[in-house]
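In what follows, a single structure is set out as structure tokens and then discussed.
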Amino acid sequence: MSWLKIVRRGVVGALIVLVCVVSLGCESKLNQQNFDKIKPGMSEADIINVIGKPVEVDPIKMPGGIVAAKEVWKDNERSITINFLGGKAMEIKKDGF
């Protein structure tokens, strides 16, 4: 067997291992099981522990200095949108599940 064939096999083997490792580490946290863990009244920090950081955060100005925000989590197929009021989840929606 030539050294070129040995190198090719080694490179192909390394690529297969790399793809397997990367795909295991990139599993989306946006799934039904994690969505079911999110409940009204949860804090943003508690939700981040379940599904990670949001990709969009839109603060909403409310009278009287009340803090509100709409936050969105997305992957290639699914999204979760949560409206917060006073730092607590109030409305929770999913799409693409």
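Summary table below
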| item | result |
| --- | --- |
| Within the stretch 51-97, tally of residues that are within 17 Å of residue 36 (Cα to Cα), exposed (fewer than 12 other Cβ atoms within 10 Å of the Cβ) and among the small types (Gly, Ala, Ser) | 1 |
| Hits in the stretch 77-94 (condition: within 20 Å of the chain's Cα centre (by Cα), outside any loop (DSSP other than H, G, I, E, B) and of a type outside the set (D, E, K, R)) | 79, 80, 81, 82, 83, 84, 89, 90, 92 |
| Residue list for the stretch 36-76, restricted to those being out of contact with any helix residue (DSSP H, G or I) (no Cβ under 9 Å at 6 or more places or on another chain), among the small types (Gly, Ala, Ser), in a strand (DSSP E or B) and closer than 12 Å to residue 91 by Cα | 68 |
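The numbers here are math on the coordinates, done by the rules we state, and not lab data. What you see is a predicted model; the values in this text were computed from it and never measured. All Cβ positions, even for glycine, are placed from backbone atoms using ideal geometry, and neighbour counts span all protein chains on display.
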